[in-house]
Amino acid sequence: MLPIVYFVLFKYVPMYGTAIAFQDYNLFKGISGSEWVGFENFTQLFAMSQFYQVVRNTLLLNLLDLLFSFPAPILLALLLNELRVVWFKKTAQTLLYLPHFISWIIIGGLVYQIFSNKGGLLNNLITSLGFEAVPFLTEKNHWLFVYLGTGIWQSAGWGTIIYLAALTGINRELYEAADVDGAGRWKKMRHITLPGIRSTIVVMLIMQLGHIMTIGFERPFVMGNTLVMDYSEVISTFVYKAGLQSAQFSLATAMGLFQAIVGLIFVVGANTIAKRMGEQGIY
């Protein structure tokens, strides 16, 4: 009952606020008293050159995360599953989970201390060896690698929980039969373990595709700066600046609604493709 109440109060009731996207919203008049303008906010949004930049950056960063961050927890789960020393396995799992509980503000501070051009730990080491400092945080291509690497470090360990849970559902008799046939660890992983968690991987992939237009605010905001805005300016930071800093509430809501619709299209499309490929999908 409580989960239903939670979703109704915090997921469905706030959807009433999407009406702001079709209004010239006035903070003092509220939603019921503001003037309706139809699709004028969307027309204004699509006419902005910055709109295409933030959409491109959001897609770019999410697609790269999908390419590099999505396989990371699968690989970690497979490696952890092969460990036979119980205490070492539990210790490794704990150390891998810890970054998930660290705030992005703290992570941003750590990144600055390590990768900063002047005074950064890594650049101090590079310059002490006689090389020039590398602009990790001020050159967009270098920044992109730091952004992706930090995301993998922060999320991969936590993502392994789902796949390790899926691994426990694989019939152990299959491994015993493989041992009798003389199969090594690689062949058992390839022919038993991976097929055993394939449905979980497909579901997680569909859910990830549903968030292809949704990007967290903290990570690009904390790690970004004016020198790398070609990559760091994304939908969430645009909505923050338009909605809170510039008080363009209608424009920010229109962007949020556009983002949600595109995400829904991706979820439905990915689920349909998965079903046609013989997988169960998410609905």
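By how many degrees, 0 to 90 and rounded to 10, does the Cα axis of helix 104-115 deviate from the longest principal axis of the chain?
Computed tilt is about 70 degrees.
What ³J(HN,Hα) values, in whole Hz, does the Karplus curve 6.51 cos²θ - 1.76 cosθ + 1.60 give for the stretch 218-228 when θ = phi - 60°, with x put for Gly and Pro?
Those phi angles translate into 5, 4, x, 6, 6, 8, x, 7, 5, 6, 10 Hz.
Could you order F238, F131, F266 by accessible surface area, starting with the largest, using a probe radius of 1.4 Å? Could you put the intermediate results ahead of the total?
Numbers: F238 10, F131 130, F266 80 Å².
Listed by decreasing accessible area, they come as F131, F266, F238.
Using only the Cα atoms, what convex hull volume per residue in Å³ does the stretch 22-89 have?
Values: hull volume 12.3 nm³, N = 68.
Considering the Cα atoms of the stretch 22-89, their hull volume per residue is 180 Å³.
Where does the chain land at 222 nm, in deg cm²/dmol rounded to the nearest 500, when only DSSP H runs of n ≥ 4 count, each adding -39500 (n - 2.57), divided by all residues?
Estimated from H runs of four or more residues: -19000 deg cm²/dmol.
Can you give the three extents of the C-alpha atoms in the stretch 178-236 along their principal axes, from longest to shortest, in whole Å?
On the principal axes, the stretch 178-236 reaches 61, 23, 16 Å in Cα extent.
For helix 49-68, what angle does its Cα long axis make with the longest principal axis of the chain, in degrees from 0 to 90 and rounded to 10?
10
With the convex hull built on the Cα atoms of the stretch 1-151, state its orientation-averaged projected area in nm². It would help to have the intermediate numbers written out before the result.
Details: hull surface 65.4 nm².
One quarter of the hull surface, i.e. the mean projection, equals 16.4 nm².
Over the alpha carbons of the stretch 123-182, what is the largest minus smallest coordinate on each principal axis, giving the biggest first in Å?
Ordered largest first, the stretch 123-182 gives principal extents of 57, 25, 17 Å.
In 10 Å bins starting at 0, how do the alpha-carbon pair distances of the stretch 171-283 split up by percent?
13, 25, 23, 19, 12, 7, 1
Give the peptides 34-43, 149-158 in descending order of average Cβ contacts within 10 Å, highest first. Provide the component values of the computation, followed by the final result.
Values: 34-43: 14.1, 149-158: 18.8.
Order by mean packing, descending: 149-158, 34-43.
The chain: percent of C-alpha pairs farther apart than 28 Å?
Numbers: 21169 of 39903 pairs.
Here the tail beyond 28 Å accounts for 53 percent of pairs.
The values are calculated or read from the model by the stated rules, or taken from the named source; none is laboratory data. Just so it is clear, the structure is predicted and the values come from calculations on it, not from any experiment. FYI the Cβ positions are ideal-geometry reconstructions off the backbone, even for glycines, and counts take in every protein chain you see. Heavy atoms of the whole protein, side chains included, go into the accessibility calculation; ligands, DNA and RNA do not. Shrake-Rupley method; radii C 1.70, N 1.55, O 1.52, S 1.80 Å.
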